[in-house]
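**Student:** My structure is below; once you've seen it, I'll send some questions.
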Amino acid sequence: MKQKIVLITGGSSGIGKSIGIYLVKNGFKVYGTTRDKTKYPDFDAFSLVELDVRKRDTITKAVSEIIKEEGCLDILINNAGVGITGPIEETPNEEIINAFNINFNGPIELMKSVLPHMRKQESGLIINITSIAGYMGLPYRGIYSASKGALELVVEAMRMEVKNFGVHITTLAPGDFATNIASGRYHAPVLDNSAYKVSYGNTLQMMNEHVDSGDDPIQVAEKVLKIINTKKPKVHYKVGAFMQKFSLLLKKVLPDKVYEKLLLNHYKL
């Protein structure tokens, strides 16, 4: 059987790196992306290519180089993402735009770049890593929730548009996993004179604790492999702690204000 070629954005650390290592162990040829290869001189888990999801020319260059080297590209995993927290009223517009460029526009540009090759092959799989947070508007994470939720909806549309080409597109929404996302997240500062000082400060601390105590990201990698081995992937997948996934069921069945009250109690707001 021919070795399948995988491209993982944001593959140099965190969930992306875990997915890449796991897929290599299971016989795949993996290319991961990073904005600056010089920061990872000793990286040898799999091949790294430079790519910034906010810059179309780097996307085109990286995809073309892989196609030239391998002759095909079987699987795209849109994993690169950025966290953003803060009261929406106090979050700078440039940070909102940056978050959407990385979490939403970037994955779309990647899909647009690989789809012509996958159509030509009459096969391909695209897995978009979103977030359980994308299924609900979370306090002080509204922009992050919106950017991930928007990608979930775009995938629903794109699946139908490409269904006759032999290409499958899906999403995988993780809950909280122990990664370095908090270190790269944009935090709107907790301002002394802010009306949100106490509630945002407490929520920010809770969010960081959830990430620090999160599950092993290998669970995400294992789910990715299961999706790859599925002939007809579902529209959406979730992976994470039971209560995080159960919260999505509650959102479906409970009245909006009741669900909102549960979130307010959870975050002690």
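**Student:** Out of the residues in region 50-63 that are over 18 Å from the mean Cα position of the chain (by Cα) and under 13 Å from Lys112 (Cα atoms), state the one that is most open to solvent (accessible area, probe 1.4 Å).
**Tutor:** So, considering only residues that are over 18 Å from the mean Cα position of the chain (by Cα) and under 13 Å from Lys112 (Cα atoms), the one most open to solvent (accessible area, probe 1.4 Å) is Arg56.
**Student:** Among the numbered criteria (1) open to solvent by 70 Å² or more (accessible area, probe 1.4 Å); (2) in contact (Cβ under 8 Å) with a residue 24 or more places away in the chain, which one does Ile15 miss?
**Tutor:** Single failed check for Ile15: (1).
**Student:** Check off (1) farther than 30 Å from Asn164 by Cβ; (2) open to solvent by less than 40 Å² (accessible area, probe 1.4 Å) for Ile97 and give me the number that stays unchecked.
**Tutor:** (2)
**Student:** Is there any pair with a first residue in region 223-252 that is farther than 28 Å from Val6 by Cβ and a second that is assigned to a loop (DSSP other than H, G, I, E, B) whose Cβ atoms are under 8 Å apart and which are 6 or more apart or on different chains, and what are they?
**Tutor:** Correct list of pairs: Ser247/Met136; Lys251/Met136.
**Student:** Can you confirm whether region 68-79 contains a residue that is of a type in the set (S, T, N, Q) and part of a helix (DSSP H, G or I)?
**Tutor:** Within region 68-79, none of the residues are of a type in the set (S, T, N, Q) and part of a helix (DSSP H, G or I).
**Student:** Also, quick follow-up: Report yes if some residue within region 156-171 is in contact with a Phe, Trp or Tyr (Cβ under 8 Å, 6 or more places away or on another chain) and outside any helix (DSSP H, G or I); otherwise report no.
**Tutor:** Yes, some residue in region 156-171 is in contact with a Phe, Trp or Tyr (Cβ under 8 Å, 6 or more places away or on another chain) and outside any helix (DSSP H, G or I).
**Student:** With the requirement that a residue be touching a Phe, Trp or Tyr at 6+ places or on another chain (Cβ under 9 Å) and either more than 19 Å from Glu109 (Cβ to Cβ) or part of a loop (DSSP other than H, G, I, E, B) (or both), what does region 29-60 give you?
**Tutor:** Lys29, Val30, Lys37, Phe46, Ser47, Leu48
The values are calculated or read from the model by the stated rules, or taken from the named source; none is laboratory data. Note that the coordinates shown come from a computational prediction; the quantities given were computed from them, not determined experimentally. For neighbour counting, all protein chains shown are included, and Cβ atoms are generated from backbone atoms with ideal geometry for every residue, glycine included. Side chains included, ligands, DNA and RNA excluded: accessible areas come from the protein's heavy atoms. Shrake-Rupley method; radii C 1.70, N 1.55, O 1.52, S 1.80 Å.
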